[in-house]
1. State all residues of region 4-22 that are of a type outside the set (Gly, Ala, Ser), open to solvent by 30 Å² or more (accessible area, probe 1.4 Å) and in contact (Cβ under 8 Å) with a residue 40 or more places away in the chain; if no residue qualifies, say none.
2. Kindly indicate which of Met25, Met1 is at pLDDT below 90 and open to solvent by less than 70 Å² (accessible area, probe 1.4 Å).
3. What's the number of the condition Leu63 fails, among (1) open to solvent by 70 Å² or more (accessible area, probe 1.4 Å); (2) assigned to a loop (DSSP other than H, G, I, E, B)?
4. Checking Phe58 against (1) out of contact with any His (no Cβ under 9 Å at 6 or more places or on another chain); (2) more than 20 Å from Phe107 (Cα to Cα); (3) in a helix (DSSP H, G or I); (4) open to solvent by 30 Å² or more (accessible area, probe 1.4 Å), only one condition comes out false. Which one?
5. Give the residues of region 4-22 that are of a type in the set (Gly, Ala, Ser) and either modelled with pLDDT under 90 or within 18 Å of Lys96 (Cβ to Cβ) (or both), sorted by residue number.
6. Taking the conditions exactly as written (assigned to a helix (DSSP H, G or I), touching a Ser or Thr at 6+ places or on another chain (Cβ under 7 Å), loosely packed, with under 14 Cβ neighbours inside 10 Å and of a type in the set (A, V, I, L, M, F, W, C)), does Leu99 satisfy them or not?
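The values are calculated or read from the model by the stated rules, or taken from the named source; none is laboratory data. Everything numeric in this text was worked out from a predicted model, so none of it was measured. Every residue, glycine as well, gets a Cβ built from its backbone with ideal geometry; the counts of neighbours run over all protein chains shown. Accessible surface areas use protein heavy atoms only, side chains included; no ligands, DNA or RNA. Shrake-Rupley method; radii C 1.70, N 1.55, O 1.52, S 1.80 Å.
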Amino acid sequence: MGAWLIAAVATQSISILGTLLTPSMENGQVIVLFLTLCMYFLGCMLYLNIITLIFYRFTFLKLEFAALTPPYWINMGGAVAITTLAGSTLILHAEKWSLLVEITPFFKRLYTILLDYRNMVDTIIVYTDDMETFI
């Protein structure tokens, strides 16, 4: 189940890579920043859709501990961490493109929402050993 979010993590890492490469470019910085912003938002959409399915599974289906495979760390913080890193990297390079300056408050609000959502999933995991009393 942890590998479900690899698509979101991959798009966020492309966003980080492209953003970090823009200072070394002489031409086309705005185009690369646009593409990295698109990858960032694509990763956010993938994350929110997939984590909703994971939340549904934890809440309404019987969960076996065998389902918590080693890549489960991606669900518990890896995807949120790289999403936050991608957004903060875009904010740090906002002076190169005026649109990024304008949407910086949106990035900051999105972090709050993502981190609150992750804490909700963490709370469910704590109680998975005794699902009858949790539900």
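1. Answer for region 4-22, where residues must be of a type outside the set (Gly, Ala, Ser), open to solvent by 30 Å² or more (accessible area, probe 1.4 Å) and in contact (Cβ under 8 Å) with a residue 40 or more places away in the chain: Trp4, Ile6, Val9, Leu20.
2. Met1
3. Here Leu63 clears every test but (1).
4. Of (1) out of contact with any His (no Cβ under 9 Å at 6 or more places or on another chain); (2) more than 20 Å from Phe107 (Cα to Cα); (3) in a helix (DSSP H, G or I); (4) open to solvent by 30 Å² or more (accessible area, probe 1.4 Å), only one is false for Phe58: (4).
5. Hits for region 4-22 are Ser15, Gly18.
6. no
Residues are listed down the side, and each one gets a yes or a no for (1) touching a helix residue (DSSP H, G or I) at 6+ places or on another chain (Cβ under 6 Å); (2) over 19 Å from Phe107 (Cβ atoms); (3) of a type in the set (A, V, I, L, M):
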{"site": "Phe34", "(1), (2), (3)": "no, no, no"}
{"site": "Ile50", "(1), (2), (3)": "yes, yes, yes"}
{"site": "Pro71", "(1), (2), (3)": "yes, yes, no"}
{"site": "Thr84", "(1), (2), (3)": "yes, no, no"}
